[in-house]
1. Name the helices (complete DSSP H segments) of the chain with a Cα length along the long axis of 27 Å or more and a Kyte-Doolittle mean of at least 1.0, or state none.
2. Which whole-number value in Å² is the accessible area per residue of the chain, probe 1.4 Å?
3. Would you mind checking which residues have amide H under 5 Å from THR216's amide H? H placed 1.01 Å from N; only 5 or more apart, or other chain.
4. Order ILE5, ILE31, ILE99, most accessible first, counting only protein heavy atoms with a 1.4 angstrom probe.
5. Would you calculate, for the chain, the mean residue ellipticity at 222 nm contributed by helices, counting each DSSP H stretch of 4 or more residues as -39,500 (n - 2.57) and dividing by all residues, to the nearest 500?
6. With the full set of protein chains in place, find how many percent of the accessible area of the chain is carbon and sulfur; take the probe as 1.4 Å.
7. In what sequence, largest accessible area first, do ARG20, ARG126, ARG87 appear using a 1.4 Å probe?
8. Answer with a single label: of (1) 20.3, 69; (2) 18.7, 68; (3) 18.5, 56, which was calculated as Rg and Dmax of the Cα atoms in Å from the structure in view?
Amino acid sequence: MKTPIYDYSGFSLKRLNEPRFSHLKLLGGWIVYFALYFITENLIPQTSCHVIHCALDDRIPFNEFFAVFYVGWYFFVAGALLYTGLRNIEGFRQVQIFIIVTQLLAMLCYIVYPSVQLLRPQEFARQNFFTWILGLIYAFDTPTGVCPSLHVAYSIGIASAALKDKALPRVWKAGAVFFTVMVCLAVCFVKQHSVLDVLAALPVCAAAEVVVHLTTGKGKNEHQG
């Protein structure tokens, strides 16, 4: 039986403290994140950052076609929050708490141990739609604040919530896991992250999973609507 869409009729900011809408307050974590992002991006000079690099990075070739998954990640995150916000409120809490914890831990790492990667190609060997997209990303997103990778962390959090969702079809669970794996590969192939950034995200995710387990009914995914 299809899960009904959660009823948001009558919602207003004045009613955020009501149990019916209180889960939406978790979205406030994004405000804190963007404030910290501004600080780390603008107030920590690249000269103060530690270069993140390992031998495996040099063996991974640049491949612009992985931009499909790197850029698709933004829709993956937005889609997960939209789906759970409409169909699975407990899942929404799990995803958003996971994201908040990983955001705070990652930002702490960026401030305490500023990081930078120098893996981006100086020029693209060929010009196409994907290199154009990556050119825009390179221009917008500095190569600092990279370890651990939040692309990886958010994806793992979404996959974790999907696997716990008893109402979600297996094909969608498999799709979430597949996309998460491809994001982990994509961040390396488009030279936005070192392999070390991917590995560093794993203990951050483990800590977030513990917090989710302790704060959302021991990880049980109960539907509300």
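1. Span-like helices, by this rule, are 67-87, 89-112, 170-189, 195-215.
2. 53
3. none
4. ILE31, ILE5, ILE99
5. Dividing the helical sum by the residues of the chain leaves -19500 deg cm²/dmol.
6. The value for the chain is 70 percent carbon and sulfur by accessible area.
7. Sorted by accessible area, descending: ARG126, ARG20, ARG87.
8. (3)
The values are calculated or read from the model by the stated rules, or taken from the named source; none is laboratory data. Since the model is a prediction, treat every value here as computed from it, not as a measurement. For accessibility, only protein heavy atoms count, side chains too; no ligands or nucleic acids. Shrake-Rupley method; radii C 1.70, N 1.55, O 1.52, S 1.80 Å.
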